[in-house]
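Below is one structure; the comments refer to it alone.
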Amino acid sequence: KLPPPDPGARELLANVYRSEMRFYDLIAPTVDVRVPATYYAEMAPDSGDFTLLMEDLHPRQQGDQLAGCSVAQAEDAVVNLAGLHGPRWCDPALLEVEGLQINGPEDASLMAELYGPATDIFVDGLGDLLAPEDVATLREVVTIVEGWALARAERFGLVHGDYRLDNLMFHPDRPEVVAVDWQTLSLAPPGRDLSLIHI
């Protein structure tokens, strides 16, 4: 895995690349979630340049968030997710890891600021594919998302942040899903990851 060729994009995304490198180096060995084996990981200290060499996951195939998955695949994904959340549930040592933090008021405020316009874009583009009550629910969430982001901060775990099917590699013959793309790792209520799995 390499950064994009555009220097501006590399600099813009340097912190999320650093987060992923930190996950594979410091966090992955301490949890039970299945992730690719990492053979080489190096990042420049002052830029977004990095190299991450991981195992070939063949014959696993990438999930498809739009198509959904089978019940068996969903169960596999949930069991794997427990391997991320369980081992370090509410572990205060995680608060000392650079780049990991629990949402604070500024984070929640930013989420609230972005969530409304993002919901409008989504509903404008795909709202006709949803039931009216689902569109109404999306609109109602806009009014509570800031409080939601701050809720139950004392009960936290490691959260992938984007644990959707597109970031899961499913084995065709057995339950051995592997999770990839650890750029959005954070500390939050773990149910957020579970909510992204789509059957």
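In this structure, is Tyr17 over 30 Å from Glu140 (Cβ atoms), outside any loop (DSSP other than H, G, I, E, B) and in contact with a Phe, Trp or Tyr (Cβ under 6 Å, 6 or more places away or on another chain)?
Numbers: over 30 Å from Glu140 (Cβ atoms): yes; outside any loop (DSSP other than H, G, I, E, B): yes; in contact with a Phe, Trp or Tyr (Cβ under 6 Å, 6 or more places away or on another chain): yes.
For Tyr17, the condition - over 30 Å from Glu140 (Cβ atoms), outside any loop (DSSP other than H, G, I, E, B) and in contact with a Phe, Trp or Tyr (Cβ under 6 Å, 6 or more places away or on another chain) - is met.
For residues that are open to solvent by 30 Å² or more (accessible area, probe 1.4 Å) and in contact with an Asp or Glu (Cβ under 8 Å, 6 or more places away or on another chain), scanning just the range 21-37, find the one that is nearest to Gln61 (Cα to Cα).
Arg34
Could you count how many residues in the range 127-169 are aromatic (Phe, Trp, Tyr) and at pLDDT below 95?
Of the range 127-169, the ones aromatic (Phe, Trp, Tyr) are 148, 156, 163.
In the following step, the residues that additionally are at pLDDT below 95 were identified as 148, 156.
Looking only at that region, the number is 2.
Take the residues of the range 177-199 that are touching a Ser or Thr at 6+ places or on another chain (Cβ under 9 Å) and of a type in the set (Ser, Thr, Tyr): which is farthest from Thr51 (Cα to Cα)?
Result: Ser186.
Taking the range 167-193 as the region of interest, how many residues are surrounded by fewer than 16 Cβ atoms within 10 Å (Cβ to Cβ) and either at positive phi or under 11 Å from the mean Cα position of the chain (by Cα) (or both)?
Adding up the residues that qualify gives 1.
Only one of Leu81, Leu57, Leu100, Leu66 is touching a helix residue (DSSP H, G or I) at 6+ places or on another chain (Cβ under 7 Å) and under 26 Å from Ile199 (Cβ atoms); which? Walk me through how you get there before you give the answer.
Details: Leu57 fails: touching a helix residue (DSSP H, G or I) at 6+ places or on another chain (Cβ under 7 Å); Leu100 fails: under 26 Å from Ile199 (Cβ atoms); Leu66 fails: touching a helix residue (DSSP H, G or I) at 6+ places or on another chain (Cβ under 7 Å).
Going through Leu81, Leu57, Leu100, Leu66 in turn, just one is touching a helix residue (DSSP H, G or I) at 6+ places or on another chain (Cβ under 7 Å) and under 26 Å from Ile199 (Cβ atoms): Leu81.
Kindly provide the set of residues from the range 110-149 that are under 20 Å from the mean Cα position of the chain (by Cα) and either of a type in the set (S, T, N, Q) or at positive phi (or both), ordered by number.
Thr119 - this is the single residue of the range 110-149 that is under 20 Å from the mean Cα position of the chain (by Cα) and either of a type in the set (S, T, N, Q) or at positive phi (or both).
Somewhere in the range 66-82, is a residue loosely packed, with under 11 Cβ neighbours inside 10 Å, touching a residue at least 12 places away in the same chain (Cβ under 8 Å) and hydroxyl-bearing (Ser, Thr, Tyr)?
Checked against the condition, which is being loosely packed, with under 11 Cβ neighbours inside 10 Å, touching a residue at least 12 places away in the same chain (Cβ under 8 Å) and hydroxyl-bearing (Ser, Thr, Tyr), the range 66-82 yields at least one hit.
Considering the range 127-148 alone, what residues qualify as being among the hydroxyl-bearing types (Ser, Thr, Tyr) and open to solvent by 80 Å² or more (accessible area, probe 1.4 Å)?
Pass one, the range 127-148, residues among the hydroxyl-bearing types (Ser, Thr, Tyr): 137, 143.
The answer is Thr143, and nothing else.
Could you list, in sequence order, the residues of the range 38-65 that are within 21 Å of Asp173 (Cβ to Cβ), open to solvent by 40 Å² or more (accessible area, probe 1.4 Å) and assigned to a loop (DSSP other than H, G, I, E, B)? Step through it out loud before you land on a result.
Here is the first cut: in the range 38-65, the residues within 21 Å of Asp173 (Cβ to Cβ) are 55-64.
From what is left, the residues that are open to solvent by 40 Å² or more (accessible area, probe 1.4 Å) are 55-56, 58-62, 64.
Matches in the range 38-65: Glu55, Asp56, His58, Pro59, Arg60, Asp64.
Search the range 105-126 for residues being in contact (Cβ under 8 Å) with a residue 12 or more places away in the chain and closer than 24 Å to Phe156 by Cβ, and hand back the single one that is surrounded by the most Cβ atoms within 10 Å (Cβ to Cβ).
Going through the range 105-126, the residues in contact (Cβ under 8 Å) with a residue 12 or more places away in the chain turn out to be 105, 107-109, 111-112, 115-116, 119, 122-123.
Filter again for closer than 24 Å to Phe156 by Cβ, leaving 105, 107-109, 111-112, 115.
Working: Pro105: 10, Asp107: 16, Ala108: 17, Ser109: 13, Met111: 16, Ala112: 17, Tyr115: 19.
Among residues in the range 105-126 that are in contact (Cβ under 8 Å) with a residue 12 or more places away in the chain and closer than 24 Å to Phe156 by Cβ, the one surrounded by the most Cβ atoms within 10 Å (Cβ to Cβ) is Tyr115.
List pairs: first residue in the range 12-30 and more than 8 Å from Gln183 (Cα to Cα) and polar (S, T, N, Q), second residue open to solvent by 20 Å² or more (accessible area, probe 1.4 Å) and not in a helix (DSSP H, G or I) anywhere in the structure, Cβ distance under 8 angstrom, at least six positions apart or on different chains.
Qualifying pairs under 8 Å: Asn15/Gly99; Thr30/Pro87; Thr30/Arg88.
The values are calculated or read from the model by the stated rules, or taken from the named source; none is laboratory data. Everything quoted here is computed from the prediction, not taken from an experiment. Methodologically, a virtual Cβ is constructed for each residue, glycine included, from the backbone with ideal geometry; neighbour enumeration extends over all protein chains shown. Note: accessible area is taken over every heavy atom of the protein model, side chains too, but ligands, DNA and RNA are not part of it. Shrake-Rupley method; radii C 1.70, N 1.55, O 1.52, S 1.80 Å.
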